[in-house]
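Contents: one structure, followed by commentary.
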Amino acid sequence: MRRSPIVNRATIIFLILSGMFNLLSYSLDQMVVQQEDNIREVTREMNLQKTELNTLRQSLNTLEDLTYSTDRGLHNLMNNLDNISRFVQFFNIHSKSKEKVEDRFRQIFTDESISKINKTYQKNFYDLIYEINARMNEILLNFSYTFSSGRGYELIKDRINFRKTLDLKKIPEDILKDFNFDKFESDETIDKNYIIYSDIHTKLMQINTLNAELGYLSRRIIQPEYIKLFSNYYDILDQYSSSLSKKNYYILCSILSQILGITFFLLLFRSILINREKK
């Protein structure tokens, strides 16, 4: 009786298929490792981009807040300056303006009440100077803190608009020392009062100019860069999603290859055992 060989055609086929799928599984595992490296690199880049986006968003928010608050407060400060300057001089008991309406003025106010009103407007004038300086100081502190470093600072540090903002000077605290509040009025004191008023008004106009500079930095410098960075960030998110999908695909294929490799390996043993029984 002729013996059946242990190794036949089916055995060789099962051996080859088992080896192929195990090699394929190993190759797919290596591809998974490569994708994990890619994912780590993309994640690092994504976190870096996210940090820069947050920094630019904070810079944009600061500029927009400063622009809004400066524009909103400037109109009130201008009106207060005009009103206080006018009335503090009008209620100077030695004012020429009062003399022109002496009779009617006397019917409403006494010298004592005029003096009290004048003192009130003097205090309001000093309070106004303090408020203007406080507003300037707030602008400088917020601006300097936000743009001391980071992506926003790098974008605008060489811009003249940036230097103009940092060069903003407050009103001298003693600017009203020569203002004629309650002394006799003359052409000289009137001119001096006007010069002081003009200096304060010029400072307020600097705030108005600063508002335009802040708007330029926001719209022309920071905002376009933010949009560009935002677009790049979403491109990186697409890369991350693609790498993650590839990794999962390779893992599934590797598992399938391992299953097929084991299946053909078991079929190989089954074929060998059957051939041995026939032998």
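The values are calculated or read from the model by the stated rules, or taken from the named source; none is laboratory data. If you're wondering where the values come from, they're calculated on a predicted model, not measured in any experiment. Cβ atoms come from the backbone with ideal geometry, glycine included; neighbour counts cover every protein chain shown.
Quick notes on this one:
- Here residue 165 clears all of (1) more than 22 Å from the chain's Cα centre (by Cα); (2) surrounded by 11 or more Cβ atoms within 10 Å (Cβ to Cβ) except the condition numbered (1).
- Test: residue in the range 248-255 that is among the β-branched types (Val, Ile, Thr) and within 17 Å of residue 84 (Cβ to Cβ): no
- Candidates in the range 51-94 are the residues that are in contact (Cβ under 8 Å) with a residue 24 or more places away in the chain and among the acidic types (Asp, Glu); of these, the one that is nearest to residue 227 (Cα to Cα) is 52.
- Taking the range 180-200 as the range and being farther than 14 Å from residue 94 by Cβ and either of a type in the set (Lys, Arg) or crowded, with 16+ Cβ neighbours inside 10 Å (or both) as the test, the residues that pass are 192, 196, 197, 200.
- Scan of the range 181-200 for residues that are outside any helix (DSSP H, G or I) and either within 17 Å of residue 128 (Cβ to Cβ) or without any contact (Cβ under 8 Å) to a residue 40 or more places away in the chain (or both), ordered by number: 181, 186
- Taken together, the residues in the range 47-70 that are within 17 Å of residue 134 (Cβ to Cβ) and surrounded by 15 or more Cβ atoms within 10 Å (Cβ to Cβ) amount to 3.
- Checking each residue of the range 87-97 against the condition of being at pLDDT 85 or above, among the charged types (D, E, K, R) and part of a helix (DSSP H, G or I) gives no match.
- One residue from 141, 155, 176 being at pLDDT 85 or above and either under 16 Å from residue 89 (Cβ atoms) or buried (at least 18 other Cβ atoms within 10 Å of the Cβ) (or both): 176
- Search result, residues across the range 137-178 that are basic (Lys, Arg), touching a residue at least 24 places away in the same chain (Cβ under 8 Å) and in a helix (DSSP H, G or I): 151, 164
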